[in-house]
Amino acid sequence: MANWDNPQLTTQYDVFLAECKERDVDAITLCLNNPTTPPVGAVKMVRLGAGQVKLQEFGGSVFSDVVLNVAGGGTGGNTAAAARTALGIGTMGIQNANAVAITGGSITGITALTLSTSVTPTADNTYDVGSFALQFRKGYFKSALVLPVGVDKYATS
C-alpha cells in the first residue's frame, strides 16, 4: 500500500526507491491494496471474487463506483434495471421460461403455430380463426365437431 504523497524532495535516498516501487505496484495492480492519499481521479479495481470486478474512482475523500457506458464495454447503468434499459432489453428479457406473461403487442412472420393446449375464449363470442384461404382442418367448439366442407359450408356432429 503506497502513500501517494511520497516520495518528496526531503525523502532520504535509502527509502526513495522503495516508495517509488510501492506506487508502481499500486498503479499496475489498480490499487489491489487500498492506497494512502491517492490523487483525485485515481482508479482502483475492486475484486469481488469469482472473476467479478468493479472499478471505482477517487473523488477526493472516498472511492465511488464508476459506471461504464456501452461504448466502453459496460452497460451505462449502475443497477440491473438501468443496464437492461441501456442495452434495449425489454420486460420479456427478465421473465423465466416457465412464467411468461405477454400483455400486448403482435406476432408477425410465423409460418406455423403449434399449440399443445386448448384455446379457450374468455366469453361466449364469435372469434375468427384463420381465413377462407387458410383454414383449420378440424376444430372443436363447445360439444360439437365442426368440419369445413366448402365456402361458408360446415358439417357438424
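The values are calculated or read from the model by the stated rules, or taken from the named source; none is laboratory data. Please read these numbers as outputs of a predicted model, since none were measured by experiment. Neighbour counts run over all protein chains shown; Cβ positions are idealised from the backbone, glycine included.
Can you tell me which residue among V53, V67 is under 30 Å from D26 (Cα atoms), in a loop (DSSP other than H, G, I, E, B), aliphatic (A, V, I, L, M) and at pLDDT 80 or above?
It is V67.
Run I89 past the list (1) at pLDDT 80 or above; (2) hydrophobic (A, V, I, L, M, F, W, C); (3) surrounded by fewer than 10 Cβ atoms within 10 Å (Cβ to Cβ) and report the number of the one that doesn't hold.
Result: I89 passes all but (3).
Quick one: T117 ticks every box in (1) loosely packed, with under 14 Cβ neighbours inside 10 Å; (2) of a type in the set (S, T, N, Q); (3) at pLDDT 80 or above bar one, so which box is it?
All conditions pass for T117, except number (3).
Against the condition modelled with pLDDT of 85 or more, within 28 Å of the chain's Cα centre (by Cα) and more than 30 Å from I94 (Cβ to Cβ), how does V43 come out, does it pass?
yes
State yes or no: is A42 closer than 19 Å to L68 by Cα, surrounded by 14 or more Cβ atoms within 10 Å (Cβ to Cβ), out of contact with any Cys (no Cβ under 6 Å at 6 or more places or on another chain) and of a type in the set (G, A, S)?
So A42 fits the description; yes.
Report every pair of residues separated by at least 6 positions or lying on different chains whose Cβ atoms are under 7 Å apart, first residue within region 32-57 and over 20 Å from G73 (Cα atoms), second loosely packed, with under 14 Cβ neighbours inside 10 Å and at pLDDT below 90.
Taking only residues 6 or more apart or on different chains, the pairs are N33/M1; N34/M1; P35/M1; T36/M1; T37/D5.
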